[in-house]
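**Q** Shown below is the structure under consideration.
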Amino acid sequence: MELIGLDARRPARVRPLRHLADLDAAGRRAAVAELGEPGYRADQLSRHYFGRLTDSPDDMTDLPAGVRGKLVDALLPGLLTVTRELTCDVGMTRKTLWRAPDGAYVESVLMRYPARVTICVSSQAGCGMACPFCATGQAGLTRNLSTGEIITQIWKGAQALATGRMADLGGGLRLSNVVFMGMGEPLANYAAVVNAVRRISDPVPGGFGISQRAVTVSTVGLVPAMRKLAAEGLTARLAVSLHAPDDDLRDELVPVNRRWKVAEVLDAAWDYAEATGRRVSIEYAMIRDVNDQAWRADALASLLAGRLAHVNLIPLNPTPGSRWTASDPAVADEFESRLARSGIPVTVRDTRGREIDAACGQLAASATK
Ligand code: SAH
């Protein structure tokens, strides 16, 4: 018999510390009570964290000086440390590389647009889905992130905006959108991600109070988890990374397709659309001579006809060493017009952050290389 936990070749599995953001209202009150403090201190602490975006005891003047440090130490541990920040697009795009105490790296990207600010967050360190065109997929899975680690990425982003550290625009900016399109497969870390969606959308002091309609969860198509998500009573948008209308090609581009086929994935997507009333976003990376043929545009159009769907075409960002490259612009235009002519809503995604390796699929924690 093997001795559990005594395998010296493996690094110890360190669980991220408990964080306020992991807990719902009742859990926070219980945690505060454990520290010998009245339950309402949980709300006070939460207002500082989610509302005023501070974790500094000095700012918490409505709390007795003697308890501030105790609450902060117990419930607001610094889970992730910034190791690098890179800016491009005249300061409108900013990538942050984070390191957890166990050495796991993750990345998040803030993108400012004229009418909104979006943060793209990671749900796992690495990813186990092995999509061959994605940099994170090449690296494999390190571990799931906790809700606190997901929320920390958002919290720091919101703080940077509020204090004007984004493009020197004077501060006072609010985060409007959150997309789970960074590293990892959100639905493979289901509980932590759903919990994070609630923290993002619950009004202060429960969370940030960002509309759930402005949150997008992107998946390779883990059908049972998609079905479970549809039953959560959320109104977040679902994005499905389809990339091919046919199983032959999708088996190769998104290997989990060998388990759940295109038809099953789309069925689950339409059920999600029906349950939530939200249009599903169909993500399609345009890969030259691989998935960009006119017949595939037509096949995609017939799969989506009459459905609550919107297609997002993403020019492929070639990852280092990849044999694939982005579609020829004329071919991509033709693909887009064929969808549009069939009445399918379609847009071409702008690819922010290319020169800082922050564009779609490039988040690969370059620090580890
Ligand atoms: N695992 C989830 C979310 C992370 S990836 C998912 O797959 O949906 C976010 C999006 O970026 C996905 O649609 C993914 O397929 C796409 N993507 C990954 N690598 C890419 C690349 N090199 N070029 C363009 N898009 C890419």
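**Q** Kindly list, by first and then second residue, each pair from a residue in region 306-319 that is more than 12 Å from the ligand (Cβ to nearest atom) to a residue that is outside any strand (DSSP E or B), limited to pairs with Cβ atoms under 6 Å and residues at least 6 apart or on different chains.
**A** ARG307/TRP270; LEU308/ALA273; LEU308/ARG279; HIS310/ARG279; HIS310/PRO345
**Q** Only one of VAL254, VAL197, VAL262 is open to solvent by less than 10 Å² (accessible area, probe 1.4 Å), more than 12 Å from the ligand (Cβ to nearest atom), under 23 Å from ARG349 (Cα atoms) and at pLDDT 95 or above. Can you tell me which?
**A** Details: VAL254 fails: more than 12 Å from the ligand (Cβ to nearest atom); VAL197 fails: under 23 Å from ARG349 (Cα atoms).
Criteria check complete, one pass: VAL262.
**Q** If LEU161 satisfies every condition in (1) outside any strand (DSSP E or B); (2) open to solvent by 10 Å² or more (accessible area, probe 1.4 Å) but one, which is the exception?
**A** All conditions are met except number (2).
**Q** What tally of residues in region 310-321 results from selecting those that are more than 20 Å from the chain's Cα centre (by Cα) and either crowded, with 16+ Cβ neighbours inside 10 Å or closer than 17 Å to ALA239 by Cα (or both)? So that I can check it myself, show each step before the final result.
**A** Of all residues in region 310-321, those more than 20 Å from the chain's Cα centre (by Cα) come to 318, 320-321.
Among the residues that remain, those that are also either crowded, with 16+ Cβ neighbours inside 10 Å or closer than 17 Å to ALA239 by Cα (or both) are: 318.
The number of residues fulfilling the criteria is 1.
**Q** Follow-up. Filter region 14-48 for residues that are among the charged types (D, E, K, R) and part of a loop (DSSP other than H, G, I, E, B); which is surrounded by the fewest Cβ atoms within 10 Å (Cβ to Cβ)? I'd like the intermediate steps shown before the answer.
**A** Step one: of region 14-48, the residues among the charged types (D, E, K, R) are 15, 18, 22, 24, 28-29, 34, 37, 41, 43, 47.
Retained after the next criterion (residues that are part of a loop (DSSP other than H, G, I, E, B)): 15, 18, 24, 37.
Details: ARG15: 9, ARG18: 16, ASP24: 14, GLU37: 20.
That would be ARG15.
**Q** List pairs: first in region 285-299 and under 14 Å from SER337 (Cβ atoms), second of a type outside the set (A, V, I, L, M) and open to solvent by 30 Å² or more (accessible area, probe 1.4 Å), Cβ under 7 Å, 6+ apart or cross-chain?
**A** MET286/PRO315; ALA294/GLU334; ALA294/ARG338; ALA297/ARG338; ASP298/ARG338
**Q** Could you list, in sequence order, all residues of region 134-153 that are crowded, with 21+ Cβ neighbours inside 10 Å and aliphatic (A, V, I, L, M)?
**A** Of everything in region 134-153, those that are crowded, with 21+ Cβ neighbours inside 10 Å and aliphatic (A, V, I, L, M) turn out to be ALA135, LEU145, ILE150, ILE151.
**Q** Would you pick out the residues in region 226-242 that are open to solvent by 10 Å² or more (accessible area, probe 1.4 Å) and either within 14 Å of the ligand (Cβ to nearest atom) or in a strand (DSSP E or B) (or both)?
**A** ARG237, SER241
**Q** Pull up region 83-93, narrow it to residues that are in a strand (DSSP E or B) and open to solvent by less than 60 Å² (accessible area, probe 1.4 Å), then point me to the one that is nearest to LEU17 (Cα to Cα).
**A** Step one: list which residues in region 83-93 are in a strand (DSSP E or B), which gives 83-88, 93.
After this cut, where a residue has to be open to solvent by less than 60 Å² (accessible area, probe 1.4 Å) as well, the list is 86, 88, 93.
Values: LEU86: 27, CYS88: 33, THR93: 30 Å.
Filtering first and then ranking leaves LEU86.
**Q** May I ask you to say which residue of ALA294, ALA299, ALA326 is over 29 Å from ALA100 (Cα atoms), within 12 Å of the ligand (Cβ to nearest atom), among the small types (Gly, Ala, Ser) and surrounded by fewer than 19 Cβ atoms within 10 Å (Cβ to Cβ)? Show your work before the answer.
**A** On the way: ALA294 fails: within 12 Å of the ligand (Cβ to nearest atom); ALA299 fails: within 12 Å of the ligand (Cβ to nearest atom).
None of the others qualify; the one that does is ALA326.
**Q** If the requirement is being open to solvent by less than 10 Å² (accessible area, probe 1.4 Å) and under 24 Å from ASP24 (Cβ atoms), which of these qualifies: PRO203, PRO186?
**A** Working: PRO203 fails: open to solvent by less than 10 Å² (accessible area, probe 1.4 Å).
Within the list PRO203, PRO186, the selection yields PRO186.
**Q** Do we find that ILE344 is farther than 18 Å from VAL254 by Cβ and either open to solvent by less than 40 Å² (accessible area, probe 1.4 Å) or modelled with pLDDT under 95 (or both) in this structure? Steps first, please.
**A** On the way: farther than 18 Å from VAL254 by Cβ: yes; either open to solvent by less than 40 Å² (accessible area, probe 1.4 Å) or modelled with pLDDT under 95 (or both): yes.
The answer is yes for ILE344.
**Q** Under 8 Å between Cβ atoms, at least 6 apart or on separate chains: pull out the pairs that start in region 114-142 with a residue that is at positive phi and end on any residue that is within 8 Å of the ligand (Cβ to nearest atom) and in a loop (DSSP other than H, G, I, E, B).
**A** GLY126/MET183; GLY126/GLY184; GLY140/CYS127
**Q** Do you know which of the residues in region 214-225 that are over 19 Å from ALA130 (Cβ atoms) and of a type in the set (A, V, I, L, M, F, W, C) is farthest from the ligand (Cβ to nearest atom)?
**A** Among them, the one singled out is ALA214.
**Q** Has region 118-127 got at least one residue that is open to solvent by less than 10 Å² (accessible area, probe 1.4 Å), in a helix (DSSP H, G or I) and in contact with a Gly (Cβ under 8 Å, 6 or more places away or on another chain)?
**A** no
The values are calculated or read from the model by the stated rules, or taken from the named source; none is laboratory data. Quantities reported herein were computed from a predicted structural model and do not represent experimental measurements. Every residue, glycine as well, gets a Cβ built from its backbone with ideal geometry; the counts of neighbours run over all protein chains shown. Side chains included, ligands, DNA and RNA excluded: accessible areas come from the protein's heavy atoms. Shrake-Rupley method; radii C 1.70, N 1.55, O 1.52, S 1.80 Å.
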